[in-house]
1. One residue is enough: does the range B:80-95 have a residue meeting the conditions part of a loop (DSSP other than H, G, I, E, B), more than 9 Å from chain A (Cβ to nearest Cβ), closer than 30 Å to B:ALA205 by Cα and modelled with pLDDT under 90?
2. Which one of B:LEU196, B:LEU123, B:LEU161, B:LEU153 is within 14 Å of chain A (Cβ to nearest Cβ), in contact with a Pro (Cβ under 8 Å, 6 or more places away or on another chain) and either closer than 21 Å to B:CYS95 by Cβ or of a type outside the set (Gly, Ala, Ser) (or both)?
3. If you go through the range A:62-78 one residue at a time, do you hit one that is modelled with pLDDT under 90, outside any helix (DSSP H, G or I) and under 18 Å from B:TRP120 (Cβ atoms)?
4. Surrounded by fewer than 19 Cβ atoms within 10 Å (Cβ to Cβ), touching a Ser or Thr at 6+ places or on another chain (Cβ under 8 Å) and either at pLDDT below 95 or among the basic types (Lys, Arg) (or both), is that true of B:LEU196?
5. Determine if the range B:55-71 includes at least one residue that is assigned to a helix (DSSP H, G or I), surrounded by 14 or more Cβ atoms within 10 Å (Cβ to Cβ) and more than 11 Å from chain A (Cβ to nearest Cβ).
6. Consider A:GLU53 against the criteria (1) among the acidic types (Asp, Glu); (2) at pLDDT below 80; (3) surrounded by 13 or more Cβ atoms within 10 Å (Cβ to Cβ): it satisfies all of them except one. Which criterion is unmet?
7. When you scan the range B:152-188, how many residues do you find that are assigned to a loop (DSSP other than H, G, I, E, B) and either of a type in the set (Val, Ile, Thr) or in contact (Cβ under 8 Å) with a residue 40 or more places away in the chain (or both)?
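The values are calculated or read from the model by the stated rules, or taken from the named source; none is laboratory data. Remember, it's a predicted structure, so these values are computed and weren't measured experimentally. Methodologically, a virtual Cβ is constructed for each residue, glycine included, from the backbone with ideal geometry; neighbour enumeration extends over all protein chains shown.
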Amino acid sequence: MNCFEVRQDFPAFWRRELLEYRRAEMNAHLDQCSKCDGAFRTFAMTAPVLHSEHAPQTPAGSGARPREVALGSSARPASSARVNYSEPRRWLAMCASAIIFIAASTGAYLAVTPPAASLSEALTSPREPSMQDLFGPDTPDLSNDLAG
Amino acid sequence: MLGLAASRKFGWRLISKPDEELIAEALGGESSAFSELATRHRARVERLCQRFFSDPEIARDLTQECFIRAYTALASYRKEMPFGGWLRAIVTNLCYDELRRRRRRPEELVGDFSAMEVQWMHLVNEATPEQLVSDAEERRHAHDLAHRLLDTLRPEDRTVLIMKDSEGMNVSEIAQTMGWSAAKVKIRAFRARQALRRESERLQAAARRWSS
């Protein structure tokens with residue numbers, strides 16, 4: 001790597017995006033070249049702001065939560081529009097509510113409904129009820145007499 | 001049914017839509033479409049504001065101001081430009097104006113540093129590049145010191161540096177965004193780097209004196 005290539009790769013090196021061999025080359029070059037080493041140290045002074053993917057977390061309580069932006073009546077197209085930053089949280093709450101509602105509905109349905117197997121059997125049975133079914137097991141079977 | 005009602009109310013169906021469709025819906029009076037756009041781009045816009053201002057409150061206020069401006073100017077948006085790029089132009093100009101409003105002239109980098117900041121400067125002088133990379137991300141004072149160093153730059157120099165280094169924009173893109181000539185952008189970038197190197201060397205020399 002020459003000096004130009006090394007300096008081009010400073011941001012990637014800072015963000016740890018360089019491949020391992022490239023990183024080793026960079027370290028070796030900075031170890032030998034005092035000009036590039038100085039340039040990297042200057043780069044490192046501002047890199048936490050200019051080349052970081054995110055700002056460091058502020059101490060707890062020092063920052064307020066993002067407020068909703070209420071757009072004034074002059075704003076178009078609708079005055080009631082809001083930039084709502086808490087939407088994901090509301091979605092999560094809605095998902096949880098929906099799951100609880102569905103679970104409760106299913107439970108209530110199963111509690112008051114007879115088992116599906118016996119119901120379907122009763123509805124689809126080809127056999128007519130016998131005298132014993134209607135009046136108990138001690139009832140004599142008179143169906144043949146009645147038919148004769 | 002509940003799910004359908006919820007999706008209508010909270011705009012779940014909007015998530016999968018591209019920016020252009022959401023813009024068309026927002027222009028048609030669908031306010032939830034713009035909310036989805038704001039949710040989608042907020043982190044990026046806020047991160048850009050944080051490169052201009054160390055105070056998170058200011059960054060958040062500017063982020064919200066940016067979306068208000070975008071909302072009111074949505075009719076002027078043209079499809080030829082990505083919505084993210086259009087937003088970036090708004091927020092950059094907003095931050096530049098705020099920098100100019102807050103400070104008419106660049107501040108001198110004063111010498112009242114905290115012990116942690118001095119320690120970080122000492123590390124910048126002495127540590128290996130690998131150590132610097134691994135340490136800086138976790139250090140709040142490295143971030144603060146970087147902001148103080150950038151505060152010494154003129155607003156236009158700082159703006160050019162952020163757009164060029166952080167956002168990866170080229171000279172013509174910066175010139176178009178800021179309404180400047182390409183020559184001005186090049187000069188400002190050169191001056192910014194010069195000033196930054198000068199201040200940084202001063203700081204490192206001071207740190208060496210303190211540590212010896």
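1. The initial filter retains those residues of the range B:80-95 that are part of a loop (DSSP other than H, G, I, E, B), namely B:80-82.
If we keep only those that are more than 9 Å from chain A (Cβ to nearest Cβ) as well, we get B:80-82.
Now narrow it down to the ones that are closer than 30 Å to B:ALA205 by Cα: none.
So far as the range B:80-95 goes, no, none of its residues is part of a loop (DSSP other than H, G, I, E, B), more than 9 Å from chain A (Cβ to nearest Cβ), closer than 30 Å to B:ALA205 by Cα and modelled with pLDDT under 90.
2. Details: B:LEU196 fails: in contact with a Pro (Cβ under 8 Å, 6 or more places away or on another chain); B:LEU123 fails: in contact with a Pro (Cβ under 8 Å, 6 or more places away or on another chain); B:LEU161 fails: in contact with a Pro (Cβ under 8 Å, 6 or more places away or on another chain).
Of B:LEU196, B:LEU123, B:LEU161, B:LEU153, the one residue that is within 14 Å of chain A (Cβ to nearest Cβ), in contact with a Pro (Cβ under 8 Å, 6 or more places away or on another chain) and either closer than 21 Å to B:CYS95 by Cβ or of a type outside the set (Gly, Ala, Ser) (or both) is B:LEU153.
3. To start, the set of residues in the range A:62-78 that are modelled with pLDDT under 90 comprises A:62-78.
With outside any helix (DSSP H, G or I) added as a condition, the list becomes A:62-78.
Pick out the ones that are also under 18 Å from B:TRP120 (Cβ atoms) and you get none.
Among the residues of the range A:62-78, not one is modelled with pLDDT under 90, outside any helix (DSSP H, G or I) and under 18 Å from B:TRP120 (Cβ atoms), which makes the answer no.
4. Answer is no for this residue.
5. Yes, some residue in the range B:55-71 is assigned to a helix (DSSP H, G or I), surrounded by 14 or more Cβ atoms within 10 Å (Cβ to Cβ) and more than 11 Å from chain A (Cβ to nearest Cβ).
6. Answer for A:GLU53: the failing condition is (3).
7. Restricting attention to the range B:152-188, the residues satisfying the condition of being assigned to a loop (DSSP other than H, G, I, E, B) are B:152-154, B:167-170, B:179-181.
Of the ones still in play, those that are also either of a type in the set (Val, Ile, Thr) or in contact (Cβ under 8 Å) with a residue 40 or more places away in the chain (or both) are B:152-154, B:167.
Counting residues in the range B:152-188 that are assigned to a loop (DSSP other than H, G, I, E, B) and either of a type in the set (Val, Ile, Thr) or in contact (Cβ under 8 Å) with a residue 40 or more places away in the chain (or both) gives 4.
Per-residue answers, yes or no, for (1) exposed (fewer than 13 other Cβ atoms within 10 Å of the Cβ); (2) modelled with pLDDT under 90:
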{"site": "B:ALA115", "(1), (2)": "yes, yes"}
{"site": "B:TRP120", "(1), (2)": "no, yes"}
{"site": "B:LEU132", "(1), (2)": "no, yes"}
{"site": "B:ARG188", "(1), (2)": "no, no"}
